[in-house]
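Asker: Could you have a look at this structure, given as structure tokens, before my questions?
The values are calculated or read from the model by the stated rules, or taken from the named source; none is laboratory data. All values reported here derive from a predicted model rather than from experimental measurement. Glycine also receives a Cβ, built like all others from the backbone with ideal geometry; neighbour counts cover every protein chain displayed. In case anyone asks, the SASA skips ligands and DNA or RNA and just uses the protein heavy atoms, side chains included. Shrake-Rupley method; radii C 1.70, N 1.55, O 1.52, S 1.80 Å.
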Amino acid sequence: RGVTEKQYNWMSFTRFRLAKFPNAADYNKLYIADDTKLTKGNATLPISLQNEDEIVGLQFDVVLPYSDMELTGIESGFRSDSHGTSFNYMNDGSYRVVMASMDNEVIEGNDGVLMNLGIKIPAYVSMGGYGFTLKNVVMTTKSLQTVKCADRTFYVNISGKMGDVNSDDMVDVTDEI
């Protein structure tokens, strides 16, 4: 609608371009690297963060591909050693993970491993690619803005113990090729 002396004076335009302003969730992403591999038993799943904003805290749910897999612990990565972490088993079978700074301290850097999740993978799980979903991702910026990200599933390769050719969780003469 144009602004003139007459009310409701409409105009038409040519040669214009629509622009999309980026959403904060477009450049602040929690992810699992494409080449991530886990070994049966006690494994470590690295969770990474790519961010443009100054992120001071985050919360997300991780959905493991098997109900018998278990989140056993969290270790801070090199980017977040001053942030506290916790996790809790949820009613829907996922685990809620929280990382925060009590001093509003910014997570260091703009990309890389944020934390390592300890995961117990049963020996009977077949080797192959499995989907790990990060959902309900919410980040908090230093200015206390909330950034919500889309749910995403990442595929991770699970293998047996090194040398365990027949996947019986033991390395012995039966693994001989």
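Asker: Looking at the structure I just gave you, is VAL156 within 13 Å of the chain's Cα centre (by Cα), closer than 18 Å to GLY41 by Cβ and open to solvent by less than 10 Å² (accessible area, probe 1.4 Å)? Lay out the reasoning, then the answer.
Answerer: Values: within 13 Å of the chain's Cα centre (by Cα): yes; closer than 18 Å to GLY41 by Cβ: yes; open to solvent by less than 10 Å² (accessible area, probe 1.4 Å): yes.
Yes: the conditions hold for VAL156.
Asker: Within the group ALA33, ALA25, which residue is modelled with pLDDT under 75, surrounded by 10 or more Cβ atoms within 10 Å (Cβ to Cβ) and within 28 Å of CYS149 (Cβ to Cβ)? Don't jump to the end; show me each part of the working.
Answerer: On the way: ALA33 fails: modelled with pLDDT under 75.
Matching residue, one of ALA33, ALA25: ALA25.
Asker: Test GLY109 against the criterion of being under 14 Å from GLY77 (Cα atoms), small (Gly, Ala, Ser) and open to solvent by 20 Å² or more (accessible area, probe 1.4 Å), and give yes or no. Steps first, please.
Answerer: On the way: under 14 Å from GLY77 (Cα atoms): yes; small (Gly, Ala, Ser): yes; open to solvent by 20 Å² or more (accessible area, probe 1.4 Å): yes.
Here the answer is yes, as GLY109 does meet what is asked.
Asker: Output the number of residues of the stretch 74-89 satisfying the condition of being more than 15 Å from the chain's Cα centre (by Cα) and modelled with pLDDT under 90.
Answerer: Of the residues in that region, 3 qualify.
Asker: Now for a different question. Name the pairs whose Cβ atoms lie under 7 Å apart, with the first residue in the stretch 55-72 and closer than 13 Å to LYS135 by Cβ and modelled with pLDDT of 95 or more, the second open to solvent by less than 10 Å² (accessible area, probe 1.4 Å) and part of a loop (DSSP other than H, G, I, E, B), and 6 or more positions between them or separate chains?
Answerer: ASP61/SER94; VAL62/SER94; VAL63/SER94
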